[in-house]
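Nothing in this text is a laboratory measurement; each read-out follows from the coordinates by a stated rule. Predicted, not measured: the structure shown is a model, and the values here were computed from it. Methodologically, a virtual Cβ is constructed for each residue, glycine included, from the backbone with ideal geometry; neighbour enumeration extends over all protein chains shown.
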Amino acid sequence: MLKIEQLLAGRDFARDDPNAAQMANFAYVIKDAATHRALLVDPAWDVAGLVQHVENEGYTLEGALVTHYHPDHVGGEVFGISIEGLARLAALRPAARIHVHADEADDVASMTGVPSRDLVTHWGGDTLALGAATIAFVHTPGHTPGIGRHAVRGELRARGPAGVRPRRDVPHAHAAAREAPGRHGAVPGARLRRHAHVHSGHRAPRESLPARAGPRELASHDGRLSRASGAGRISGTSS
């Protein structure tokens, strides 16, 4: 059985970091109960805490999935703040593979200090096996050139609360998103609207979440798609 777990920065990890609480990033754990292997999505702020959480539940950390290179998602420097991320993960668990979109790899390496040769690159449409489950890489450029989502049997791990539609309103929006959103695995939002639950990369400003610490299990899969539960589940109807 595959499970998806959501953790909120400043509440479930990095609890003593006010910057993490202000940024309100979500990290995710994708876990395969049959093989006891897991993947982290966007590990940053308190990487040791995230790794410990995974391993305390009896799972081996197989690697990390990266949505995009911004430091609150992968670590680095921003506004004079140093954020730990992929470099810390590589130091703690050298065998864990770091998966990124090919268009994002150079920026991830520059931001984090993790050499490009140590990154596993993918294109939209590639897949990754975790136990018997298949995770699909969905390229949705716009916010950054190689930003992507990770689809797991109808669940979509997204960058932010805007849903699956690629952004084209920022100056550095990728040309492929503006001119030909179907190229290189880029997926227009409409193609997933009726089929996907979208899990955000940040807590929405007005989103109400429990104040208590503790990760939320969003979905469990045993061959069928289970309904994701709780606030923060965004149906594919958002734009």
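With the simple spin-label model, which puts each label point 7 Å out from Cα in the Cβ direction, the ASP106 to THR127 separation comes to 3.1 nm. Averaging over all projection directions, the Cα-based convex hull of segment 1-80 occupies 5.1 nm² in the image plane. Think of segment 1-72 as having a plus end and a minus end, set by charges on the Cβ of Lys, Arg, Asp and Glu; of ALA20, GLY10, HIS36, HIS36 sits farthest toward the positive end of this dipole. Here the label points at GLU57 and ARG97, each 7 Å from Cα along the C-beta direction, are separated by 2.2 nm in the simple model. Which FRET efficiency, nearest 0.05, do THR35 and ILE81 yield, Cβ-Cβ r, R0 45 Å? The calculated FRET efficiency here is 0.75.
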